[in-house]
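I have placed the structure first, in the form of structure tokens, so that the comments after it can refer back to it.
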Amino acid sequence: MKVGRHFEVKACWSKAGIGTSILLQQKSDNDSKGFKLVFDLGCTPIFEQTISSNAVVISHGHVDHFGGIFSHARAHNMQFQGSIPSYYVPEPLVPKLELARQIFSDIDCTITATPAAFTNDDSSHSSSSSPKRDKKHIMMNIVPIRPGQETEIKQPKVKNGVRFYLRPFRVSHGSHPACGYTVVSKTTISQLKEQYVGMDGRALKELVQSGVEIKETRIQERPEVCYTGDTCVDGLIYEKYNHNPDECSTSEDELSIEYKKQGFLAPLFMSELTYLDPKDSDLARERGHLNVKDIPTIFDSHNWDPSNRNILFYHISRKHGPAERVLEQMIKNLPLNLVDVTDVAISSFAPSSSSFGQNIKPNGCISLKEFKNNFGAL
């Protein structure tokens with residue numbers, strides 16, 4: 001399978017238990033025109049940058065990963081003339097999210113008819129008597145996601161025949177419903193049928209004029225991005241499955257495993273990495289998170305090739321700060337071949353106003369390799 005390279009990290013902010021959000025943008029000659037895709041939507045400093053995206057992918061239902069979702073829906077609706085964003089959410093969470101949307105919308109639309117609404121008269125507080133604004137801004141297209149079930153990502157405009165699809169896979173984040181995601185691109189390509197390749201142009205023209213269809217279309221499929229969400233090592237380790245030849249179709253469980261394998265082929269692999277002390281390995285698994293000790297095991301199990309690929313680690317525990325200490329621990333405990341291709345979501349540990357913060361990329365990340373070379377790290 002060929003590998004794509006359609007997306008770049010436009011903005012990123014993450015700290016375990018506080019908030020996580022990553023904004024990707026499709027590469028484009030016009031920086032403002034590329035399709036924007038958000039992974040998780042905690043309450044973070046990059047929230048305003050996410051508003052223009054009409055596609056948000058939620059990995060799981062912990063508040064540090066979805067707490068900004070209703071504000072996003074409202075702000076997007078107001079700034080883009082009633083546009084309704086799509087939110088891709090693990091299926092078990094959808095009914096609860098819809099209920100919460102209704103409650104938030106009801107609160108948002110409540111108005112005060114008279115000062116009596118602020119009295120101690122209980123009757124003035126009844127939901128049936130509280131007037132509402134006519135228009136509700138918290139409108140959402142909530143799309144249920146199941147591991148092993150591919151879903152097309154809604155784009156405002158399809159460019160150059162390239163469409164993007166979510167391929168969710170099952171991860172292990174305690175007993176909480178959670179998904180990791182592989183994003184694949186599918187490009188419709190028109191080409192000469194094999195029997196006409198190499199034929200003279202004049203002969204091809206004659207065939208067309210006689211009504212012969214000389215071209216065919218095919219779909220070129222490429223993995224673009226993998227996002228793990230929150231998970232322990234069990235959710236990312238390589239798995240084998242043996243398809244039953246008596247079954248005509250592949251099961252969702254089998255497809256989930258296949259989608260995870262495809263994720264490790266993507267040019268951009270975004271993974272949580274909560275615990276940086278190898279001594280916390282058992283604690284990490286118990287809490288459904290990754291430990292730095294797990295990383296070589298995971299990547300080796302997939303025979304991962306770092307050539308032309310990049311890693312972004314996020315969701316680091318605040319106990320490992322400040323920023324310099326976070327990066328030094330990573331360099332000390334990760335294999336060199338991974339260090340050389342790794343960026344870290346570090347802006348949450350180093351304000352841009354600090355002397356160290358001035359070395360952070362505009363998207364909130366820093367290269368481990370550059371840190372090692374420029375700061376003489378371990």
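So which residue, out of ALA73, ALA350, ALA55, gets the largest mean-square fluctuation from a GNM of the chain using Cα contacts under 10 Å as springs? Between ALA73, ALA350, ALA55, it is ALA350 that shows the largest mean-square fluctuation.
Per-residue ellipticity at 222 nm computed for the chain from its helices equals -7000 deg cm²/dmol, with DSSP H segments shorter than 4 residues left out and the rest contributing -39,500 (n - 2.57).
Which of the residue pairs LYS154/LYS193; LYS96/LYS136; LYS157/LYS215; LYS27/LYS261; LYS159/LYS369; LYS36/LYS215 have a Cα-Cα distance greater than 28 Å in the structure shown? From LYS154/LYS193; LYS96/LYS136; LYS157/LYS215; LYS27/LYS261; LYS159/LYS369; LYS36/LYS215, over 28 Å: LYS154/LYS193; LYS159/LYS369; LYS36/LYS215. If you roll a 1.4 angstrom probe over the protein chains with everything in place, what fraction of the accessible area of the chain belongs to carbon and sulfur, to the nearest %? Looking at the chain in its full context, I get 48 percent from C and S. Computing Rg and the Kirkwood Rh from the Cα coordinates of region 299-378 gives a ratio, Rg/Rh, of 0.96.
Model label points for THR112 and VAL212, set 7 angstrom from Cα along the Cα-to-Cβ axis, are 8.1 nm apart. Using a Gaussian network model of the chain in which every pair of alpha carbons under 10 angstrom is joined by a spring, one finds that among PHE264, PHE104, PHE70 the greatest mean-square fluctuation is at PHE104.
For THR250 and SER307, a Förster radius of 22 Å and the Cβ-Cβ distance give a FRET efficiency of 0.15, rounded to the nearest 0.05. Cross-link reach is defined here as a Cα-Cα straight distance under 14 Å, omitting same-chain residues fewer than 8 places apart; for LYS372 the aspartates and glutamates meeting it are GLU324, GLU328, ASP340, ASP343.
Looking at the chain, send over the antiparallel percent of its DSSP beta bridges, to the nearest 5. Please report the intermediate quantities before stating the final value.
On the way: 42 of 64 bridges.
Antiparallel: roughly 65 percent of the beta bridges in the chain.
Multiplying the residue separation of LEU336 and PHE375 by 0.36 nm and subtracting their alpha-carbon distance yields 12.4 nm. In angstrom, the C-alpha Rg and Dmax of region 131-246 are 22.7, 75. In this Cβ point-charge picture (+1 for Lys and Arg, -1 for Asp and Glu), the chain has a dipole of about 980 debye about its Cα centre. Applying 1/(1 + (r/R0)^6) with r as the Cβ-Cβ distance of GLN81 and GLU221 and R0 = 51 angstrom yields a FRET efficiency of 0.90.
Sorted largest first, the principal axis extents computed over the alpha-carbon atoms of the chain equal 88, 60, 49 Å.
Using R₀ = 35 Å, calculate the FRET efficiency as 1/(1 + (r/R₀)^6) where r is the Cβ-Cβ separation of ILE18 and LYS157; round to 0.05.
The value I calculate is 0.50.
For a straight C-alpha distance cut-off of 16 angstrom, the lysines reachable from LYS293 (same-chain residues fewer than eight places away being disregarded) are LYS279, LYS332. On full extension, the segment bounded by TYR241 and GLU98 gains 48.0 nm, given 0.36 nm per residue less the C-alpha separation.
If you stretched the chain out fully between LYS361 and ARG318, how much longer would it get, using 0.36 nm times the residue separation minus the C-alpha to C-alpha distance? Don't jump to the answer; show the numbers that get you there.
Details: separation 43, 0.36 × 43 = 15.48 nm, distance 2.03 nm.
Using 0.36 nm per residue and subtracting the Cα-Cα distance, I get 13.5 nm.
For the chain, modelled as a GNM whose springs connect Cα atoms under 10 angstrom apart, the maximal fluctuation among MET78, MET270, MET330 occurs at MET78. In the context of the full set of protein chains, the chain has a per residue accessible area of 49 Å² (1.4 Å probe).
The values are calculated or read from the model by the stated rules, or taken from the named source; none is laboratory data. A quick note: this is a predicted structure, and the numbers were derived from the prediction, not measured. Positions of Cβ are generated from backbone atoms using ideal geometry, with glycine treated the same way; all protein chains shown enter the neighbour counts. For accessibility, only protein heavy atoms count, side chains too; no ligands or nucleic acids. Shrake-Rupley method; radii C 1.70, N 1.55, O 1.52, S 1.80 Å.
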